Every structure is written in structure tokens, then in C-alpha cells.
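Undergrad: Below is the structure I would like to discuss, written out as C-alpha cells.
The values are calculated or read from the model by the stated rules, or taken from the named source; none is laboratory data. For clarity, every value in this text was computed on a predicted model and none was experimentally measured. Because the Cβ atoms are built from the backbone with ideal geometry, glycine has one as well, and the counts that use them run over all protein chains shown.
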Amino acid sequence: MATRHQRAGIDDRWHKRVKGPDGKMRTERSAVYGRVSRWRVRWVDGSGVEHSKSFQRKPDAQSYLNGLTADVQRGEYVDPRRSAETFGSVAEQWFATKQHRKPKTVAGYRSLLDTVVLPKWADVPLKRIDYASYSTWLGGLSVDGSQRGTGLSASRITQAHQLVGALLKYAQRTGRVAKNVALEIKRDQDLPEQAEREHRYLTHAELVMLARATGRFETLTLVLGYCGLRFGEAVALRRKDVGDRVLTVRSSATAVTGKGIVESTTKTKRDRHVPVPEPVWQRLHAELPTNPNALVFPGRKGGFLPLGEYRWAFDNACAEVGIEGLVPHGLRHT
């Protein structure tokens, strides 16, 4: 079947042109005279699909046609039926395309959608989302953006904005919106400033003292401090990943809501080899399991060590030795 050419025009639905007895064309009332809106804008889009929209007044129909023509000329035409889809509907379609990402990343998307974004936008048609409404919502998140009615942190607001931007980019690429209003947001003007966390750097003496205070986690604390591993990378280490004074970091174990602790690739998605200083190596080597697949730093129940289990000992150790403002991730900066 041949593709219909893109075109547009206005029809008078109340009248029709017919040939009279004398063979000449004349205007007569149609069968729908007075029963439907008189003026109908009809157009065929770039895909060959015909659309129409009716108006009572011809000036309104002409105005609509003029806007339609301008959108086509600017390359901003969007099928009205597609732009009428709700944000929530398209959000689920976008989310379905992200299942190949790391479990923790997918869980993060789901959390942002369910707790921050969808409560506002789920039932809103895409065509109703403009800069004014979006920027107003974004600005209000710092006041009452959470489900508890309290404000969100600057980092959480930025994450929500990035997610909406990615979702609207998907909507634009799939022909549902002409432009991505999230791109109109200026980071330095429309988003809250994120305060940089001040790093706490330990001396060698402080690190050794802190490690001893963590008890059975002494070796793990030394590895985190001297080797610069992320906590998830350290607890995912197996005996086969430990060579002669070197660690091969292949994966990371992180807690995912609803799934427990999940092992996945590292942040860089590439293996890396990390040297182990001699004093740390002596302790680590003495404690290594014999089974090549056994975890080097298992939890009490034998599986991956939960951050909460380590954090309890770590926080108590910090209090015991008088170190303030330090979290396990901060050991990477020591």
C-alpha cells in the first residue's frame, strides 16, 4: 500500500458539494448539518496516518492548523494521541528498558519513581508538562518533596531531576513529546547547591588504632584504609581473588531493597589489581580461607557481610578512639 503524503486542510462538515440536475456543482447541507462541530482540521502525518480535530468556529480551526503547520516546519510535530499518554504510563515503559542495569541502580530508579516522581506526575498527560509546572515542582521538593511531607536533600532532588530528564528523553525519542523540558533547567539557578562533604583523613597511627578497636574486623578495616577498596568490593573478595600481595577486584556486593545483598560488577565494570602493603598482607595472608571460592570477609551467617554489621563495630570503634565525622567509605581517602 502506498504511503499517504503529509498534508493538512480544513473541511466544512455541514455542507457538501454535489452535482445538480443541470450538471453544475452546488452546495447542499450534509446529513450531519447542525449535529456536529462544523469545521474539521484534517492532516496526514509523516508516517502516513490521518488525524482530525473538529471546531465550532472556523477561526479556531484555522489557528489550530497554523500551529500544526508551524510545528511540522520546526520539526516539533507530535501525534496528539501519543502526547496524551500519561507520564506514569511512559515511565513504566522507560523503566522496563533499564532492567539490564545493576540491581542497585534499578532499585534506585524504582525508589525515585515511587516516592518522589510519580506521586506528582503519574496521571499527568505528557503534553501538559511544561517548564513552569516542572520547575515549580522541582523547587518545592526541598520543602515537602518526601512522602512524609518533609524536604528532600539537594542530592536527592538532583537525582530526581536526572531521572525525569532521562525519561523525557525517552519520550522524545519515541515521538511522544517535541522537546525535553528538563533540559531547560539550569543547574546553577534551578537546582539546590550540594554541599561537599569534608573528607576526614586518618594518619597511619589513627588508622591502626581504629582497626584494632573494630575487633574481628581489624584486617578488613586495614584493607579498606590502605588499599582504597569500596566496602562492597572488599566484602565480595574471594580467596581466588587474592594473589601474592595483590588483590584482584572483580565484583561488588551491595544491599538492594527487596533482594538483599546482590553481587554485581564493579563501578567501573572492569577488573583491577590492587597491591597490598606488607604489614596488611601479613595479617590478611594469615586469615585467608583455603577454599578458593570462600569469601575473605564473610558475615556472621557465612554470606556477604552486611554494611550494618560492620557499621556497628566501626561506629563503636570511632567513638572509643575519639575519631569523629568518619564513615566506612571515608577510609578510601586515608
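Undergrad: With the requirement that a residue be among the β-branched types (V, I, T) and outside any loop (DSSP other than H, G, I, E, B), what does the range 276-308 give you?
TA: Scanning the range 276-308 gives a single hit, V280.
Undergrad: Filter the range 300-311 down to residues that are free of Cβ contacts under 8 Å to residues at least 60 places away in the same chain and surrounded by 12 or more Cβ atoms within 10 Å (Cβ to Cβ) and give me whichever is nearest to E233 (Cα to Cα).
TA: Of everything passing the filter in the range 300-311, P306 is nearest to E233 (Cα to Cα).
Undergrad: Look at Y201 and say whether it is among the aromatic types (F, W, Y) and part of a loop (DSSP other than H, G, I, E, B).
TA: When the stated conditions are applied, Y201 passes them.
Undergrad: Could you grab me the full set of residues in the range 141-164 that are in a helix (DSSP H, G or I), surrounded by 14 or more Cβ atoms within 10 Å (Cβ to Cβ) and either small (G, A, S) or not assigned by TED's automatic domain parsing to the domain that holds V181 (or both)?
TA: S142, A154, A160 - these are the residues of the range 141-164 that are in a helix (DSSP H, G or I), surrounded by 14 or more Cβ atoms within 10 Å (Cβ to Cβ) and either small (G, A, S) or not assigned by TED's automatic domain parsing to the domain that holds V181 (or both).
Undergrad: Return the only residue of L183, L202 being over 30 Å from G258 (Cβ atoms) and surrounded by fewer than 16 Cβ atoms within 10 Å (Cβ to Cβ).
TA: Only one candidate passes the filter, namely L183.
Undergrad: Follow-up question, since we're still on this one. Does any residue of the range 216-234 turn out to be crowded, with 21+ Cβ neighbours inside 10 Å, out of contact with any Cys (no Cβ under 6 Å at 6 or more places or on another chain), assigned by TED's automatic domain parsing to the domain that holds P289 and in a loop (DSSP other than H, G, I, E, B)?
TA: Checking the range 216-234: at least one residue is crowded, with 21+ Cβ neighbours inside 10 Å, out of contact with any Cys (no Cβ under 6 Å at 6 or more places or on another chain), assigned by TED's automatic domain parsing to the domain that holds P289 and in a loop (DSSP other than H, G, I, E, B).
Undergrad: Could you check F304 against (1) modelled with pLDDT of 95 or more; (2) more than 20 Å from T105 (Cβ to Cβ); (3) of a type outside the set (A, V, I, L, M) and say which number it fails?
TA: (2)
Undergrad: A follow-up question, please. Need a quick list: helices (runs of 4 or more DSSP H) entirely within the range 9-99 having at least 2 residues that are free of Cβ contacts under 8 Å to residues at least 40 places away in the same chain.
TA: Of the helices (runs of 4 or more DSSP H) lying wholly inside the range 9-99, those with at least 2 residues that are free of Cβ contacts under 8 Å to residues at least 40 places away in the same chain span 58-74, 87-96.
Undergrad: While we're here: Being free of Cβ contacts under 8 Å to residues at least 24 places away in the same chain and assigned to a loop (DSSP other than H, G, I, E, B) is the filter here, so list the residues in the range 177-198 that pass it.
TA: Listed by number, the residues that qualify are N180, K186, E196, R197.
Undergrad: For L167, state whether it is in contact with a helix residue (DSSP H, G or I) (Cβ under 7 Å, 6 or more places away or on another chain), assigned to a helix (DSSP H, G or I), at negative phi and touching a residue at least 60 places away in the same chain (Cβ under 8 Å).
TA: For L167, the condition - in contact with a helix residue (DSSP H, G or I) (Cβ under 7 Å, 6 or more places away or on another chain), assigned to a helix (DSSP H, G or I), at negative phi and touching a residue at least 60 places away in the same chain (Cβ under 8 Å) - is met.
Yes/no matrix, rows are residues, columns are (1) at pLDDT below 85; (2) surrounded by 12 or more Cβ atoms within 10 Å (Cβ to Cβ):
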position	(1), (2)
R57	no, no
A61	no, yes
V72	yes, yes
A84	yes, yes
G88	no, yes
F95	no, yes
Q99	no, no
A107	no, yes
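Undergrad: Looking at (1) touching a helix residue (DSSP H, G or I) at 6+ places or on another chain (Cβ under 9 Å); (2) under 30 Å from L113 (Cβ atoms); (3) in the same structural domain as D271 (by TED's automatic domain parsing), which one does E184 not meet, given that it meets all the others?
TA: For E184, the exception is condition (3).
Yes/no per residue for (1) over 15 Å from A160 (Cα atoms); (2) under 20 Å from the mean Cα position of the chain (by Cα); (3) among the polar types (S, T, N, Q):
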site	(1), (2), (3)
S30	yes, no, yes
S54	yes, no, yes
D60	yes, no, no
T86	yes, yes, yes
E92	yes, yes, no
R101	yes, yes, no
L118	no, yes, no
